[in-house]
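The values are calculated or read from the model by the stated rules, or taken from the named source; none is laboratory data. Predicted model, so just to flag it, every value in this text is computed and none were measured. Here Cβ is always computed from backbone atoms with ideal geometry, including for glycine, and neighbour counts include all displayed protein chains. We work out accessible area using only protein heavy atoms, side chains counted, and drop any ligands, DNA or RNA first. Shrake-Rupley method; radii C 1.70, N 1.55, O 1.52, S 1.80 Å.
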Protein chains: 2
Amino acid sequence: MQSMLREYKASIFQALAHPTRIAIVEALRDGEISARTIQERLGIEQANLSQHLAILRSRQIVANRKEGNQVFYSLRNKALVKVLDMMRRYFQAHLAEEVQMLGEIEAEDPARRKERLD
Amino acid sequence: MQSMLREYKASIFQALAHPTRIAIVEALRDGEISARTIQERLGIEQANLSQHLAILRSRQIVANRKEGNQVFYSLRNKALVKVLDMMRRYFQAHLAEEVQMLGEIEAEDPARRKERLD
DNA sequence: TGCGAATATTCGAGAAATCGAATATTCTAA
DNA sequence: TTAGAATATTCGATTTCTCGAATATTCGCA
């Protein structure tokens, strides 16, 4: 019971434990887009994207809607966006501790800095 | 740059992508405890716990403090707790969609239910 | 000193994740 | 109905993860 919940949590984290899948979720942040669009944005192999999407689907993280020839993907649960936002704060707080990076961060353009942390 | 950040995020998610490591982080939620205590609570092999702690250490998720014979672990960044809280909401929202589980959830004792969702 | 407790590391085997290539499926439009 | 576009699935090779067993390290205390 308790452990089942943890396995479930772990499976969600695991689904996000890949740069490509994080990029996918981030791409879906503002609404649904087609698989083709995602592929173009990420610049990866079609089969590979499909595999990653299959993983996100199997974890119920994304929903897909067929429209004619294409498939549109979207986030099933907006709470995940908030999780990612929280993660961003985590990274900010964490990076602040990294002395070596601190210099670069403070030196760079603020707008660029914000963008980089997205 | 953007992709480095994603790899970093992915590495944090990956560090949490195991039930045992989630249990460890949850055990550290209320403050530092010794490795021995964690091991007793989780009921796992000593070597195995040490391996998982090494992973959390390598991702800078936990800090460790030596005191005599034992080592006390703690969370480096409280923001992670908020991430986990957010995840809990995610699970709750998600579980609410799962019709088959809904029956069981509503049928069970409320106190027990809250505990299970932790 | 040296024994025992607490913790960490190394090693090897088995399981799981990842990728591109090849192939399948489903749809549109000619 | 057939060609081609969009997407999904399968396959096999490679890499990464995970575990327990064995071993190492570090510390307190007799």
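Structure above, values below:
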quantity	calculated
Sites B:Val71 and A:Leu95, calculated FRET efficiency, Cβ-Cβ separation with R0 35 Å, nearest 0.05	0.85
Average beta-carbon neighbours from other chains, 10 Å sphere, peptide B:18-27	4
Among the listed pairs A:Lys66/B:Lys82; B:Lys9/B:Lys66; A:Lys82/B:Lys66; A:Lys78/B:Lys66, those beyond 32 Å (Cα-Cα)	A:Lys66/B:Lys82; A:Lys82/B:Lys66; A:Lys78/B:Lys66
For A:Glu67, label point 7 Å along C-beta direction: distances to other copies, nm	5.9
Chain pair B, A: total accessible area buried, heavy atoms, 1.4 Å probe, Å²	4000 Å²
Accessible solvent surface per residue of the stretch B:2-75, calculated while the other protein chains remain in place, 1.4 angstrom probe, Å²	51 Å²
Shielding by partners - mean other protein chain Cβ count within 10 Å, residues of B:65-78	1
Kirkwood Rh and Cα Rg combined as Rg over Rh, evaluated for the stretch B:1-69	1.02
Percent accessible area from carbon and sulfur atoms, the stretch A:1-90, protein chains only, probe 1.4 Å	45 percent
